[in-house]
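Heads up, the thing below is written out as structure tokens.
The values are calculated or read from the model by the stated rules, or taken from the named source; none is laboratory data. Note that the coordinates shown come from a computational prediction; the quantities given were computed from them, not determined experimentally. FYI the Cβ positions are ideal-geometry reconstructions off the backbone, even for glycines, and counts take in every protein chain you see. The accessibility values were calculated without ligands, DNA or RNA, using every heavy atom of the protein model including side chains. Shrake-Rupley method; radii C 1.70, N 1.55, O 1.52, S 1.80 Å.
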Amino acid sequence: MSLVESVPPRCNNGYEVLVRVGEAFFLDSRDNESIVESLREKNITVSGSEVSYLAKKFIVYLALLHKQVQQETRSFLSINGGYILHLDGTCEGDSPHLISVLDGITEIVLDNTKVRSENADDLIAFLKGIKSAYGDPVAVVSDMGKGILAAFREVFKDVPAFICHYHFLKALGKELFGEEREIMRKRLSKHGIQGNIKKRICYLESNTAVAPMPFAETLLGLINDEQELGAVCATEDISHMLIHTLLAWALAGKHQGAGHRFPFGQSYLRFYQRIVTVGSLLDRLLKSGFCKTDSEKELCKSIINDLRPVIKDSMLKKTSVKMLEKVDVFARLRSAMRITLPDNKRGINDDGELCDMKTIQDEVTKFSMWLCTDTARMKDEAYQKLIAQIDT
């Protein structure tokens, strides 16, 4: 290989270094310092600022290469009988929307762009570029954004359009109990309870022994067994271990939901429920004489005082009851629309081969009829909107 082929013109580093930096930065999420160190081990000396420059350069080169092979990509897609265009967008705050499209069959990313918004006028030119490069798709899939759907109708007039199963359920969940979730988030934040619990955990970890996880689970299991709990009371630092375990368990409630974000996971609701449970348990342990020394009693009392404002918050209590009811209704709808089996580990990446897709309409119809006949629930505007979205 000639020097021209291995090193870009007027550059000190070859393409191989460029690729190494790009993969480390974008695929492995490594920072500049660790990339510099890994290259130094290969006798390649670059600075942190040079790594940043090479990472940006890598993306530009990759984008240019992507454009250059569009014809080859189109030929490859045609071998599979065409492509299914999936479109989705994301943004943070007032920043531009990042729009990405990929083929649902091969999962090849076809293109992406930044637009001011997801309005049809901002998307039409981009979609026309996709059509010019790859032809008409077999079908298009997106969320329920009106701008996206309008742009699809303008550019891909005769192409079937489908709503993404995941985005549909996500939109319904947000519509159904998004208001309650926001109330709980703000109230918990106002009380500053997460920070207080973290401070207590740090104090216990630095001043006493901490129960290992298997023992922690045993302690939690003993809470409701007075006789068994009494048998371990003589263990040194057992009260501190138990208090630490309960607080760590409460804090872990914010991460419940198998990694699924709202509305599929309800972190604020679970966190609040665990705070109430821990407050009740600590109060019971204090009254039962579980804490032997004055310092243990004072620690338990002070933590109960930390939790009390949250537990006594009437708005949190009322909102949690309302949200829990809506979460149960949402779970019933999810069951009706299920395309993956409960014990399947693929989650939203499951293709649904093991489920009969034809049953979904029947099950959702049954769900709608059940909800519509519940006159008490249907007085809530959120349930009315839920039914309207399903009908649409």
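Key figures
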item: Every pair of residues 6+ apart whose Cβ atoms lie under 8 Å, when the first sits in the stretch 278-293 and is of a type in the set (Phe, Trp, Tyr) while the second is assigned to a helix (DSSP H, G or I) and at pLDDT below 85; result: Phe290/Leu229; Phe290/Ser239; Phe290/Leu242
item: Any hit, the stretch 337-356, residues being at pLDDT 70 or above and closer than 17 Å to Ala388 by Cβ; result: yes
item: Filter result (under 21 Å from Lys114 (Cα atoms) and either in contact with a Pro (Cβ under 9 Å, 6 or more places away or on another chain) or of a type in the set (Lys, Arg) (or both)) within the stretch 60-93; result: Tyr61, Lys67, Leu85
item: Members of the stretch 152-163 that are touching a Phe, Trp or Tyr at 6+ places or on another chain (Cβ under 8 Å) and open to solvent by less than 30 Å² (accessible area, probe 1.4 Å); result: Val159
item: Within the stretch 65-114, tally of residues that are part of a helix (DSSP H, G or I) and closer than 16 Å to Val140 by Cβ; result: 1
item: Odd one out for Lys42, checked against (1) part of a helix (DSSP H, G or I); (2) open to solvent by 100 Å² or more (accessible area, probe 1.4 Å); result: (1)
item: Which numbered condition Phe177 fails, given (1) closer than 30 Å to Arg274 by Cβ; (2) open to solvent by 10 Å² or more (accessible area, probe 1.4 Å); (3) of a type in the set (A, V, I, L, M, F, W, C); result: (2)
item: Exclusive hit being at pLDDT below 90, within 31 Å of the chain's Cα centre (by Cα) and surrounded by 11 or more Cβ atoms within 10 Å (Cβ to Cβ), set Ile84, Ile105; result: Ile105
item: Residue that is farthest from Ala151 (Cα to Cα), among those in the stretch 63-81 that are among the β-branched types (Val, Ile, Thr) and open to solvent by less than 60 Å² (accessible area, probe 1.4 Å); result: Val69
item: Count of the stretch 120-161 residues which are in a loop (DSSP other than H, G, I, E, B) and under 13 Å from Asp88 (Cα atoms); result: 3
item: The listed residue being aliphatic (A, V, I, L, M), surrounded by 14 or more Cβ atoms within 10 Å (Cβ to Cβ) and either modelled with pLDDT under 90 or under 23 Å from Phe168 (Cα atoms) (or both), out of Ile130, Ile99; result: Ile99
item: Pairs where the first residue, in the stretch 357-384, is open to solvent by 100 Å² or more (accessible area, probe 1.4 Å) and the second is among the aliphatic types (A, V, I, L, M) and not in a helix (DSSP H, G or I), C-beta under 7 Å, 6+ apart; result: Met357/Ile339
item: Selection count, the stretch 262-321, where residues are touching a Cys at 6+ places or on another chain (Cβ under 8 Å), open to solvent by 60 Å² or more (accessible area, probe 1.4 Å) and outside any helix (DSSP H, G or I); result: 1
